[in-house]
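Q: I'd like to ask some things about the structure below.
The values are calculated or read from the model by the stated rules, or taken from the named source; none is laboratory data. This one's a predicted model, so the numbers in the text were calculated from it and none came from an experiment. Methodologically, a virtual Cβ is constructed for each residue, glycine included, from the backbone with ideal geometry; neighbour enumeration extends over all protein chains shown. Accessible surface is based on the protein model in full, side chains and every heavy atom, while ligands, DNA and RNA are left aside. Shrake-Rupley method; radii C 1.70, N 1.55, O 1.52, S 1.80 Å.
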Amino acid sequence: MTQTVPATEGRSTPAGDPALVVDGLWKIFGSRADKVIGTPDAALSRKELQAKTGCVTAVKDVSFSVQPGEVFVVMGLSGSGKSTLVRLLTRLIEPTAGTIRMGGEDITSADAGHLRELRRHHVAMVFQHFGLLPHRTVIDNVAFGLEVRGLGKSERRVRAQEMVDLVGLAGNEGSFPDQLSGGMQQRVGLARALAVDPTLMMFDEPFSALDPLIRRDMQNEVIRLHQEVGKTMIFITHDLQEALKLGDRILIMRDGEIVQIGTPAEVVANPADEYVRDFVSDVPRSHVLTLRYVCRRPEGGDPGRGPALQADEVVRDAARQVLAAQDPVRVFDGETFLGIVEDEDILRVVVAEEDVAS
């Protein structure tokens, strides 16, 4: 039985200089780690390198960029290197090689004092196990980062209350973490991260420990908060459904390497290899694919006079209009005509889903 996966291709990603640029990033564990890169051993698989040198490549020559306001999801199975990657981004783990630029600034060369400043003022992390202080109330947990910054008590209480209200915890300010459900505790973690007004938010499998219904609610909460505050977000997960639901773009990792980067629709429509194809085989395609991937050029080149829809319209959402139209629906990317969509194009996607579901 397949699950509904709200599509994300229609969400806009603001243009501008990247919020984060990662170039040629490596992390190799082992006593000879610094002697691997630049040698033939660097091309070995993870298993071959470990057998030959005793070193383990956790992250291998990874490069990508994240735009301001983007939700960028890094996904892969256990051991793929995704959690190591997110820790490298703020140098909680030191990279073996490569550069990380945040807001145009090279943080791989930053000293300890500058890194502390970066972590306090520009980056916030949300973890799977909440990391709440058990002896502090909800509002004091939310205000903790502001306290570390040195803000006065009245100022940080006002800011903390705003964040408590934003994440839907009003009325629970005086509660302690052990009095809250798992979902409510994670909301406290979200509020604490937002309170410091970070440039970049990082989520390391934050909902993995929650039951499915609460997990879905928290995913919706992240979408809502992103729409309200517009923060740049990097989200780590092993769950493809979660990645498709949240991500503007998805980076898929295997054995420390990038397998594919693309929008949810790109990943589902054009998987890079069998590994990705297996991942997306059970995805309800009409919930993810956009008209861009199902439209076709009309015979003779005449677009006709049917209704016009944009290429980033999700097939599921466009189906009613296409099926009700007397003439083929015209598909545009902005003002550029891409092709037409008819009943059979929509039904082809739906029938393929039924075959998968059965």
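Q: Whenever you get a sec, compute what percent of the accessible area on segment 216-348 sits on carbon and sulfur atoms (1.4 Å probe).
A: Values: 2570 of 6130 Å².
Ligands and nucleic acids excluded, carbon and sulfur reach 42 percent.
Q: Sticking with this structure for a sec: If the cut-off is a Cα-Cα distance under 14 Å, which aspartates and glutamates reach LYS153, setting aside same-chain residues fewer than 8 apart in sequence?
A: Within the straight-line limit of under 14 Å, LYS153 reaches these aspartates and glutamates: ASP140.
Q: Calculate what fraction, in whole %, of the accessible area of segment 42-172 sits on carbon and sulfur atoms when a 1.4 Å probe is rolled over the protein chains. Don't skip to the answer; put the middle values down first.
A: Details: 3070 of 5970 Å².
Roughly 51 percent of what the probe reaches on segment 42-172 is carbon or sulfur.
Q: A further question on this structure: Give the ranking of THR199, THR96 by solvent-accessible surface, highest area first, calculated with a 1.4 Å probe.
A: On the way: THR199 80, THR96 45 Å².
The residues order as THR199, THR96, largest area first.
Q: Something else now. Rounded to the nearest 0.05, what FRET efficiency do LEU347 and GLU173 give with R0 = 41 Å and r taken as the Cβ-Cβ distance? Could you check?
A: Numbers: r = 53 Å, r/R0 = 1.29.
Step by step, r from the Cβ atoms, then E = 0.20.
Q: Express in whole angstrom the spacing between the alpha-carbon centres of segment 191-236 and segment 276-327.
A: Their Cα centres are 30 Å away from one another.
Q: Please compute the length gained on full extension between LYS47 and SER65, using 0.36 nm multiplied by the number of residues separating them and subtracting their Cα-Cα distance. Intermediate values should be presented prior to the final figure.
A: On the way: separation 18, 0.36 × 18 = 6.48 nm, distance 2.82 nm.
Between LYS47 and SER65, full extension yields 3.7 nm more.
Q: Got the relative contact order for the chain handy, in percent, Cα pairs under 8 Å and 6 or more residues apart? Please report the intermediate quantities before stating the final value.
A: Working: 675 pairs, mean separation 74.1, N = 358.
Rounded, it is 21 percent for the chain.
Q: Right, next: How much length is gained if the chain between LYS153 and ASP23 is pulled fully straight, taking 0.36 nm per residue apart and subtracting their Cα-Cα distance, in nm to one decimal? Spell out each step's value before the answer.
A: On the way: separation 130, 0.36 × 130 = 46.80 nm, distance 4.09 nm.
Extra length from LYS153 to ASP23 when fully extended: 42.7 nm.
Q: Here's a follow-up. Using a 1.4 Å probe, what is the accessible area per residue for the chain, in Å²?
A: Working: 16710 Å² over 358 residues.
Heavy-atom accessible area per residue stands at 47 Å².
Q: Still on this structure, please answer the following. Could you order CYS55, CYS295 so the one with the most accessible surface comes first? Probe is 1.4 Å. Display every interim value, and only then the final one.
A: Details: CYS55 0, CYS295 30 Å².
My answer, sorted largest first, is CYS295, CYS55.
Q: What dipole magnitude, in Debye to the nearest 20, does segment 61-149 give about its Cα centre under +1 on Lys/Arg Cβ and -1 on Asp/Glu Cβ?
A: Numbers: 9 positive and 9 negative charges, 44 e Å.
For segment 61-149, the charge dipole is close to 220 debye.
Q: For ASN141, what charge total do you get from the other residues with a beta carbon under 14 Å from its beta carbon, if Lys and Arg give +1 and Asp and Glu give -1? Mind showing how you got there, number by number?
A: Numbers: positive: ARG136, ARG156, ARG157, ARG159, ARG187, ARG192; negative: ASP140, GLU147, GLU173, ASP178.
It works out to a net charge of +2.
Q: If I take every Cα pair under 8 Å that is 6 or more residues apart in segment 228-358, average their sequence separation and divide by the length, what percent do I get for the relative contact order? Please report the intermediate quantities before stating the final value.
A: Details: 183 pairs, mean separation 24.2, N = 131.
This gives 18 percent for segment 228-358.
Q: If a paramagnetic tag sat 7 Å from the Cα of GLU105 along the Cα-Cβ line, which residues of segment 199-232 would have the backbone N under 17 Å from that point?
A: Within reach of a label on GLU105, which here means backbone N under 17 Å from a point 7 Å along Cα→Cβ, segment 199-232 contributes 199-202, 232.
Q: Here's something else I'd like to know. To the nearest 10 degrees, how steep is helix 315-324 against the longest Cα principal axis of the chain, on a 0 to 90 scale?
A: The helix 315-324 is inclined about 20 degrees to the chain.
Q: For every other residue with a beta carbon closer than 14 angstrom to the beta carbon of ARG156, add +1 if it is Lys or Arg and -1 if Asp or Glu, then tell me the sum. Present the calculation step by step, with values, prior to reporting the outcome.
A: Working: positive: ARG120, ARG136, ARG149, LYS153, ARG157, ARG159, ARG192; negative: ASP140, GLU147, GLU155, GLU162, GLU173, ASP197.
Taking every Cβ under 14 Å from that of ARG156, the sum is +1.
Q: Using a cut-off of 13 Å between beta-carbons, work out the net charge of the residues near THR84 (Lys and Arg +1, Asp and Glu -1, THR84 not included).
A: Working: positive: LYS27, ARG46, LYS60, LYS82, ARG87, ARG91; negative: GLU94, ASP204, GLU205, ASP255, GLU257.
Around THR84, the surrounding residues sum to +1.
Q: Could you calculate the contour length gain from VAL56 to GLN227, that is, 0.36 nm times the residue separation minus the distance between their Cα atoms, to one decimal place in nm?
A: Details: separation 171, 0.36 × 171 = 61.56 nm, distance 3.94 nm.
Separation in residues times 0.36 nm, less the Cα-Cα distance, equals 57.6 nm.
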